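Novice: My questions will all concern the structure given below.
The values are calculated or read from the model by the stated rules, or taken from the named source; none is laboratory data. These numbers were taken from a predicted model, which means no experiment stands behind them. With ideal geometry, Cβ positions are generated from the backbone for all residues, glycine too; neighbour counts draw on all protein chains shown.
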Amino acid sequence: TAKEGGRGRAIDFTADLDRDRLNAAELENRLRQALEKQDIHVAYQPLFDAKGGRVCGVEALAQWSPETGRISPEIFITIAERSGLIDQLGMQVLKVSIDQAKQWSGLQLSVNVSPIQLRNPNFPADVIALLDQTGFDPRRLTLEITEGVLMSNPEQARRAIEMLRNAGVKFALDDFGCGYASIGALRTFGFDRMKIDRSLVSGLNNREGSEVLTATISLARALNIPVTAEGIETQEQADALTISGCDQLQGFLLGRPMAGSAITALLRSSAA
Ligand code: C2E
Ligand code: MG
Ligand code: MG
Ligand code: MG
């Protein structure tokens, strides 16, 4: 084996690479099976109106917990994107969360969509067909995409977004502030909302960080795009972001991702 005789790092390194490749292939197989058994669950994190503090929407988050323990979406979404399983996974999450959100009258539903899904020429028609089948009001659906959508073939993504927006679906630019999305792109893509990344929110405790945050929110406001702040963990952050002009707040302080039944209970208790 590579270790015998201690023949040096290069060989051990190759062994590591092989092991990682094996793990990825193994995970891919298990993910494929999980999708067949509809074993991907969806949790919902509430979004709050910054002014009144009311729940105004939920973000659907895919969760996968095989017997070996929970696997982070950062890992299984990447595997799904590389293996072509993302289209199936994405449509499953959309279907499950729309069926669930139908029970929450009026509530806005946000669903994450991978840039890879937007590159699939069937995507807009598939989403529109799902909305027709379920009778879900397209205006209640927001698709969250990251600026990765600008990477390859932004023209096709723009067309897909345009088709869906014409059908009434809304779009949010997710994780804004941690990448390089240009002002020009923000305008051409026509986003209905911007979500400020958690890394920017957590930078609030130093002067430079809070100035970057204020500038980012001003930029969105100059473009007339409403802003959601994500990853809020302290009351100080919630207050500062509300004062800076964010109209929606999301984060562990206000509500963690939870089962659909817990959202139903939350809506009942806040209506009472
Ligand atoms: P995201 O869309 O930016 O979702 C927000 C993530 O931040 C979630 O992590 C949520 O649990 C976490 N979060 C929310 N509030 C707080 C907070 O106060 N503190 C901290 N530390 N974290 C907070 P999660 O569920 O692990 O998802 C990670 C990412 O995986 C998502 O980031 C999204 O990019 C991706 N993802 C999740 N579900 C899907 C899906 O169905 N499709 C696609 N394409 N991507 C998904
Ligand atoms: Mg998101
Ligand atoms: Mg985000
Ligand atoms: Mg994220």
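Novice: Say we look at region 193-208 and pick out the residues that are more than 23 Å from the chain's Cα centre (by Cα) and within 17 Å of GLN235 (Cα to Cα); which of these is nearest to ligand 1 (Cβ to nearest atom)?
Specialist: Taking region 193-208 as the starting set, the residues that turn out to be more than 23 Å from the chain's Cα centre (by Cα) are 205-208.
Now restrict to residues that are within 17 Å of GLN235 (Cα to Cα): 205-206.
Details: ASN205: 15, ASN206: 18 Å.
Per the stated criteria, the residue is ASN205.
Novice: Oh, and also: Suppose we keep only residues that are more than 22 Å from VAL58 (Cβ to Cβ) and touching a helix residue (DSSP H, G or I) at 6+ places or on another chain (Cβ under 9 Å) within region 127-153. Which one would you say is surrounded by the most Cβ atoms within 10 Å (Cβ to Cβ)?
Specialist: Only one residue tops the list, namely VAL149.
Novice: A follow-up question, please. Looking at (1) away from ligand 4 (no atom under 15 Å from the Cβ); (2) loosely packed, with under 15 Cβ neighbours inside 10 Å; (3) in a helix (DSSP H, G or I), which is the one condition that is false for GLN156?
Specialist: (2)
Novice: Next question. Taking the stated definitions as given, is LEU47 within 16 Å of ligand 4 (Cβ to nearest atom), buried (at least 20 other Cβ atoms within 10 Å of the Cβ) and either under 21 Å from PHE171 (Cα atoms) or of a type in the set (Gly, Ala, Ser) (or both)?
Specialist: Working: within 16 Å of ligand 4 (Cβ to nearest atom): yes; buried (at least 20 other Cβ atoms within 10 Å of the Cβ): yes; either under 21 Å from PHE171 (Cα atoms) or of a type in the set (Gly, Ala, Ser) (or both): yes.
Taking the combined requirement at face value, the residue satisfies it.
Novice: Please pick out the residue among ALA238, ALA220 that is modelled with pLDDT of 95 or more and in a helix (DSSP H, G or I). Lay out the reasoning, then the answer.
Specialist: Working: ALA220 fails: modelled with pLDDT of 95 or more.
Just one listed residue meets the conditions, ALA238.
Novice: Right, another one. Scan region 232-264 residue by residue and report those that are within 15 Å of GLN45 (Cβ to Cβ), surrounded by fewer than 19 Cβ atoms within 10 Å (Cβ to Cβ) and not acidic (Asp, Glu).
Specialist: Correct list: PHE252, LEU253, LEU254, ARG256, PRO257, MET258, ALA259, SER261, ALA262, THR264.
Novice: Continuing with this model, one more query. Would you point out which residue out of GLN100, GLN63, GLN117 is in contact (Cβ under 8 Å) with a residue 12 or more places away in the chain and in a strand (DSSP E or B)? First the steps, then the outcome.
Specialist: Working: GLN100 fails: in a strand (DSSP E or B); GLN117 fails: in a strand (DSSP E or B).
Answer to the check: GLN63.
Novice: Can you tell me which residues in region 245-272 are free of Cβ contacts under 8 Å to residues at least 12 places away in the same chain and among the basic types (Lys, Arg)?
Specialist: Of everything in region 245-272, just one residue is free of Cβ contacts under 8 Å to residues at least 12 places away in the same chain and among the basic types (Lys, Arg), namely ARG268.
Novice: Does GLY179 meet the test of being within 16 Å of ligand 1 (Cβ to nearest atom), surrounded by fewer than 19 Cβ atoms within 10 Å (Cβ to Cβ) and closer than 16 Å to ASN112 by Cβ? Talk me through it step by step, then tell me what you get.
Specialist: Values: within 16 Å of ligand 1 (Cβ to nearest atom): yes; surrounded by fewer than 19 Cβ atoms within 10 Å (Cβ to Cβ): yes; closer than 16 Å to ASN112 by Cβ: yes.
Judged against the criteria, GLY179 is a match.
Novice: In addition: Going by the structure shown, is GLN92 without any contact (Cβ under 8 Å) to a residue 60 or more places away in the chain and polar (S, T, N, Q)?
Specialist: The answer is yes for GLN92.
Novice: Just one of (1) of a type outside the set (A, V, I, L, M, F, W, C); (2) under 25 Å from GLU36 (Cα atoms); (3) assigned to a helix (DSSP H, G or I) trips up GLY148, so point out which.
Specialist: (2)
Novice: May I pose another question? Just one of (1) part of a strand (DSSP E or B); (2) more than 21 Å from VAL42 (Cβ to Cβ); (3) charged (D, E, K, R) trips up GLU162, so point out which.
Specialist: Answer for GLU162: the failing condition is (1).
Novice: Return yes when GLY53 is in a helix (DSSP H, G or I) and either surrounded by 11 or more Cβ atoms within 10 Å (Cβ to Cβ) or at pLDDT below 85 (or both) and no when it is not.
Specialist: Values: in a helix (DSSP H, G or I): no; either surrounded by 11 or more Cβ atoms within 10 Å (Cβ to Cβ) or at pLDDT below 85 (or both): yes.
Taking the combined requirement at face value, the residue does not satisfy it.
Novice: Okay, next question. Of the residues in region 187-216, how many are without any contact (Cβ under 8 Å) to a residue 40 or more places away in the chain, within 30 Å of MET163 (Cβ to Cβ) and within 16 Å of ligand 3 (Cβ to nearest atom)?
Specialist: Count: 3.
Novice: For the list (1) β-branched (Val, Ile, Thr); (2) within 16 Å of VAL227 (Cα to Cα); (3) away from ligand 2 (no atom under 14 Å from the Cβ), I need the number of the one condition that VAL169 fails.
Specialist: (2)
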